[in-house]
Each structure stands twice: as C-alpha cells, then as structure tokens.
Amino acid sequence: MFDARIAELLAAQELDLDLLDTIPGISRLAAEIVIVETGGDMAQFATAHHLASWIGVCPGQSESAGVNRSGHTRHGNTNLKRLLGVAAMAVVRNKDSYLAVFYRRIASRRGAKRALVAVMHKLAIAIWHVLHDQVPYRELGADYFAKRNPERAMRRMIKEANSLGLTLRFEPISAV
C-alpha cells in the first residue's frame with residue numbers, strides 16, 4: 001500500500017530516479033530518498049558544494065591566527081548524510097572504480113574515516129551534477145589518477161620496486 005503510494009507520488013521524477021541509479025552506491029530506494037529529501041530540484045542549490053554543505057559532508061575548516069585545527073563536518077540533513085555514508089561504504093568495496101581508488105589515496109594519508117567523508121562529499125557532488133545537468137553518471141575509472149599524472153605513477157612504481165630490491169626501466173613503446 002505504501003509502496004504504491006510512493007510510486008504514484010514519484011512518477012513525475014522517473015527520469016531523475018533512473019539517472020540517480022547510475023551513480024555507484026545509489027540504488028533505486030536511495031534515489032527515492034534523495035528525491036524526497038531534496039525535492040529533486042537542484043535550482044535551490046547554487047552549486048554542488050552548496051548541496052554538500054546542506055547535507056553536511058563538507059570538510060570542516062577551523063583556522064585561527066594561521067593555526068589549522070581539526071575541522072568538524074556540519075550537522076546537515078541527517079537522513080541524506082546517513083544514506084551517503086552507507087553508499088560510500090558500498091562504493092569503496094568495489095576495487096575497480098574511481099571512488100574506491102580515491103578512497104584508498106585519501107585513507108593512506110588522512111585515515112579511513114576522513115576518506116569516507118571525502119567519498120560522501122564526492123557522491124553529493126555527483127548527485128547535484130546528475131540532477132542539475134540531467135546526464136547519467138560517468139565513471140572515470142580506476143586508472144584515472146595514473147592517466148592524469150603518468151610521471152607520478154612511474155615514480156611510485158619505481159619506489160615500490162626499489163623497496164622490494166628490484167630495478168625498473170621504462171621504455172616508450174614504438175608505434176607500428
């Protein structure tokens with residue numbers, strides 16, 4: 001009975017629900033919750049960062065006299081914050097996605113909890129872009145960071161090989 005009523009009320013947002021379903025970690029039920037909590041209209045949020053701030057997944061900033069202290073996230077919308085937390089935990093388990101690689105990069109430097117909030121922030125930004133621009137989510141891929149900065153990837157590989165007692169040599173592939 002309730003499911004039928006919810007489906008009837010969300011019939012007008014069918015396209016938005018399908019687009020949100022393309023975001024990793026966001027299921028159909030999660031997409032319905034996002035539409036219900038935000039209203040589905042992203043015009044009320046000037047930018048994606050305004051949405052992330054409203055949800056409460058922005059990184060905290062606490063600086064006084066040039067001293068940076070621990071920044072806490074805002075309270076924000078607890079329903080969406082909880083939903084994004086569950087979605088982020090699901091996303092980071094998939095090893096071959098951009099968000100999982102992003103999580104591991106941040107977690108190695110800042111810790112697991114801060115990295116999870118960073119992934120939640122990325123998901124909030126993706127939600128805004130998907131609903132605002134009416135386009136499906138585009139996965140950047142697990143090799144995005146290596147393609148973006150190949151020299152850094154080579155330095156990392158050389159450093160790992162050296163720590164194992166091996167030497168590496170890179171030679172460009174000749175075009176055939």
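The values are calculated or read from the model by the stated rules, or taken from the named source; none is laboratory data. Values in this document were obtained by computation on a predicted structure and should not be read as measured data. Using ideal geometry, Cβ is built from the backbone for each residue, glycine included, and neighbour counts are taken over all protein chains shown. Heads up: the accessible areas ignore ligands, DNA and RNA and are worked out on the full protein's heavy atoms, side chains in. Shrake-Rupley method; radii C 1.70, N 1.55, O 1.52, S 1.80 Å.
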Inset, instruction - Pop a pseudo-label 7 angstrom from the Cα along the beta-carbon direction at both R28 and K147 and give the gap in nm to one decimal. - result: 3.1
Inset, instruction - Mind putting together the pair-distance distribution for region 67-142? All Cα pairs, 5 Å bins, whole percent per bin, short to long. - result: 3, 14, 23, 25, 19, 11, 4, 1, 0
Inset, instruction - From largest accessible area down, sort T167, T47; use a 1.4 Å probe on the protein chains. - result: T167, T47
Inset, instruction - Would you work out the relative contact order for the chain, in percent, from Cα pairs under 8 angstrom that are 6 or more residues apart? - result: 23
Inset, instruction - Whenever you get a sec, line up S64, S97 from highest to lowest accessible area (probe 1.4 Å, protein heavy atoms). - result: S64, S97
Inset, instruction - Rank these by accessible area, largest first, 1.4 Å probe: T78, T22. - result: T78, T22
Inset, instruction - Report the one residue of S163, A100, I35 whose Cα lies farthest in the direction of the positive end of the charge dipole of the chain (charges on C-beta: Lys and Arg +1, Asp and Glu -1; origin at the Cα centre). - result: S163
Inset, instruction - Calculate, in nm to one decimal, what D18 and E139 gain on full extension: separation in residues at 0.36 nm each, minus their alpha carbon distance. - result: 42.0 nm
Inset, instruction - Could you check how much of the accessible area of the chain is carbon and sulfur, as a whole percent, using a 1.4 Å probe? - result: 56
Legend entry - Distance between region 119-176 and region 7-29 - C-alpha centres, whole angstrom: 29
Legend entry - Under 14 Å from K122, Cα to Cα: aspartates and glutamates that are on another chain or at least 8 residues apart: E139
Inset, instruction - Could you size up the charge dipole of the chain around its Cα centre, putting +1 on the beta carbon of Lys and Arg and -1 on that of Asp and Glu, and report it in debye to the nearest 20? - result: 1320
